[in-house]
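Notes follow once the structure below has been shown.
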Amino acid sequence: MFDYHVHSEFSVDCAIPMETSCRAAIAAGVSEIAFTDHLDHEPADLGFGYYRPEDYFQAIESVRSMFGQELKILAAVEVDFNDRIAGQVERFLSRYSYDFVIGSVHYGEAGEIIFPDYFAGRTLADVFAPYFTQVLHAVETGWFDTIGHLDLPKRYAPVTHRTYDPMAFRASLEPVFAAMIAHGTAFEINTSGLRQTPKTSMPGPAIVRWYVEAGGELITTGTDSHAPQTIGSGLDRTLDMLDLCGISTISGFFQRQRRQVPIASLRAATPAPTT
């Protein structure tokens, strides 16, 4: 199993050392883990200025020396993107070398973070339409290996807005899919929604199927874990969903180079749970 979205003490919203998460990954049958700590350029974000890349890379080398025989450990980063901070993102990515880079949109077009308060006075269309525009712009940069949690706003929708139906936004997703295919950019299946309010992955199977119908085939998987007990959570179920939707391989990375790994081989390599 590939868990390509895990946070550590280098994210403002996580206090778990990499060593602890590596032990949890091995116990969960995860074969590859990517530590994708938050890089935030929005001044209003709690994580602004928190990320320490030099210390991060030292920590990666430390856990590789400890667990490299049992676990493939990727140096990775989850980069927040919107048009206002694009220049800062480009400069950062030109300075540092990673194995894998997630591009994620967490803010609305005017810089409002997509939390429940953001929905007040807005329809779902008011929230999702500009969000998907920012996702499209992120893909069009060509800077990212994958796009994180493609329909993230559903995770934060208050009770008054939990009528989200992806069909209403299929037209907005079509140019996103076209850009992904043109640029060779994947999108992740983020399993955190399975254990949180949406009770479905981000995105769910309908969006995956539309992507396949558009000719797409590049998918990464990640739990978005901020705690060791959730590492690997939902990945088996995700492989089942992808298989049903027509995806036969998962993207793996090293030094920003992609390889496609058959889902069947991942299943064969996953140890049976102990009882």
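The figures follow:
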{"item": "Proxy reagent accessibility, fewest Cβ within 10 Å first, across 14, 22", "result": "14, 22"}
{"item": "Least to most buried among 72, 154 (fewest other Cβ within 10 Å first)", "result": "72, 154"}
{"item": "For peptides 63-69, 134-140, 204-210, sequence by mean Cβ density within 10 Å, most packed first", "result": "134-140, 204-210, 63-69"}
{"item": "Cβ-Cβ FRET estimate between residue 140 and residue 70, R0 fixed at 35 Å, reported to 0.05", "result": "0.35"}
{"item": "Virtual paramagnetic centre 7 Å along Cα→Cβ of residue 265, amide N under 20 Å, in the range 27-42", "result": "29-34"}
{"item": "Whole-percent pair-distance distribution, where bins are 10 Å wide, for the alpha carbons of the chain", "result": "7, 31, 38, 21, 3, 0"}
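Every read-out reported here was derived from the displayed coordinates using simple, explicitly stated rules and does not represent laboratory data. As the structure is a prediction and not an experimental result, all values here were calculated from the model. Using ideal geometry, Cβ is built from the backbone for each residue, glycine included, and neighbour counts are taken over all protein chains shown.
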